[in-house]
Amino acid sequence: LLTCAKEEPYLDMSRVRTLVVDEADQMLDMGFEPQVREILIGGCGTPPPRSPVRSRPVTRSKENDGRQSLLFSATFPPNVQALAARLVMAPGLGSGWYGNVVSDSSQSPTPAKVAVGKIGGAAASNITQRLLLSDHPRERKMESLIAVLRSRPLERRTLVFVAAKTDAKWVRAGLQLAAEADERAARRSANASDSDTAVAGSAPDPTLFSADELHGDCTQGARTRALDAFSTGAVRVLVATDVASRGLDLPDVGHVVNFDLPTDSRDFDAYVHRIGRTARAGKGGTSTSFYVPGFGGRGNGPIWRAMMETMTETGQAIPEWFAGLPDANGPPPGGRGYMRVGRGR
């Protein structure tokens, strides 16, 4: 936007009256705070921000009304709250191009805030959250994933989140092998339909493990095909990294599986966004997460406290094994509290 409206003036933004910044926290997490700040203070040619404190008489002219800025996010971490506080729409009271950047929050008016649920990241209460105790090796997790999918044969759309692009490819390949095995079993069942040992309705469903993948290495064409196949029901499982956790319209996702949970407490908001792909528009949904105890490596110990708080606040059934984990006491003395992994989106 800055390139098109400022560096190369292809866009005229002078008549913009409403500026919407969606998923602001992810932009900040990716290091785009300077660009977001510049856009919000009018760096791309938009009109000056509208002040909530009128220092001059209100006129009927829209040219004098200024611009309204709106920030949206499913989570609202402290860094986004601080950015909103610094960029309060108060022209003339501070510094910046339009005098709307106020460094001392005590001198600036408080921006209007509309909150739905808990500020700071909370899961929706209409999502049934399930935790399964898991081992670290992904082969073990794969066995659990196949078992979970088999336990929900009527689920038409399941979104599986993994930590990295290579994991997405590996899980999809594993599901493809399971689908081929079921297809062979279905053919054998059909061929044996006349035998006395055949049981009606016992043949595996060859579409149960039909899957596609979505991650940062996918071309635009591959992304479009994967999303179309998942949306239309051509495939029942979409294996994805966090690129699918927000910003995509994925209708009627009934089940979300966290094949890999975050291993850093600072990434716990990703869990909230992921499971928010289900239970949309007032509908119910289910999330299943494979929890690996411990700290360091791929252990999920660093998010134990946040997970416990989230499940308690939303009235979830907390497994006894989870409540009794040593992870509740934090990392061992001298141990590594966390290890950032799985950032390959």
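Work out the FRET efficiency for ALA222 and GLU320 from their Cβ-Cβ distance, taking R0 = 30 Å, and round it to the nearest 0.05. Walk me through the numbers on the way to the answer.
On the way: r = 43 Å, r/R0 = 1.43.
Efficiency, rounded to the nearest 0.05: 0.10.
Determine how large the accessible area of VAL20 is when every protein chain is in place; take a 1.4 Å probe and give Å² rounded to the nearest 10.
Only protein atoms counted, so the area is about 80 Å².
Suppose R0 equals 30 Å; then what is the FRET efficiency for GLU183 and SER125 from their Cβ-Cβ distance, rounded to the nearest 0.05? If you can, show how the numbers build up before the last one.
Details: r = 39 Å, r/R0 = 1.31.
So, using R0 = 30 Å, E works out to roughly 0.15.
For SER289, what residues show an amide H to amide H distance below 5 Å, using hydrogens built from the backbone and excluding near sequence neighbours?
Result for SER289 returns ARG130, LEU131, LEU132, ASN258.
Step through the residues of segment 179-185 one at a time and calculate ³J(HN,Hα) from phi using the Karplus curve (6.51 cos²θ - 1.76 cosθ + 1.60, θ = phi - 60°), rounding each to whole Hz and writing x for Gly and Pro.
Values per residue, Gly and Pro as x: 5, 5, 5, 5, 5, 5, 5 Hz.
Round to the nearest 0.05 the FRET efficiency obtained for ASP249 and SER14 when R0 = 30 Å and r is the Cβ-Cβ distance. All intermediate terms of the calculation are to be shown ahead of the outcome.
Values: r = 31 Å, r/R0 = 1.03.
Once rounded, the FRET efficiency stands at 0.45.
So, with +1 on the Cβ of K and R and -1 on the Cβ of D and E, and no other charges, what is the size of the charge dipole of segment 241-329 about its Cα centre, to the nearest 20 debye?
On the way: 8 positive and 11 negative charges, 33 e Å.
Computed charge dipole of segment 241-329: roughly 160 debye.
For segment 242-324, what % of the accessible area comes from carbon and sulfur atoms, probe 1.4 Å?
It is 48 percent, rounded to a whole number.
Among 274-283, 207-216, 220-229, 164-173, what's the highest-first ranking by average C-beta atoms within 10 angstrom per residue? If you can, show how the numbers build up before the last one.
On the way: 274-283: 18.0, 207-216: 21.7, 220-229: 14.4, 164-173: 19.7.
So the peptides 274-283, 207-216, 220-229, 164-173, ranked by packing, come out 207-216, 164-173, 274-283, 220-229.
Ordering ILE41, ILE303, ILE318 from largest to smallest accessible area (1.4 angstrom probe), what's the sequence?
Details: ILE41 20, ILE303 0, ILE318 60 Å².
Per-residue accessible area, sorted high to low, gives ILE318, ILE41, ILE303.
Of GLY330, THR286, MET307, which is farthest towards the positive pole of segment 271-332's charge dipole, taken about the Cα centre with +1 and -1 on the beta-carbons of Lys, Arg and Asp, Glu respectively?
With unit charges placed on the Cβ atoms, the residue in question is THR286.
The values are calculated or read from the model by the stated rules, or taken from the named source; none is laboratory data. Quantities reported herein were computed from a predicted structural model and do not represent experimental measurements. Don't worry about glycine lacking a Cβ; one is built from the backbone with ideal geometry, like all the others, and counts go over all protein chains shown. Accessible surface is based on the protein model in full, side chains and every heavy atom, while ligands, DNA and RNA are left aside. Shrake-Rupley method; radii C 1.70, N 1.55, O 1.52, S 1.80 Å.
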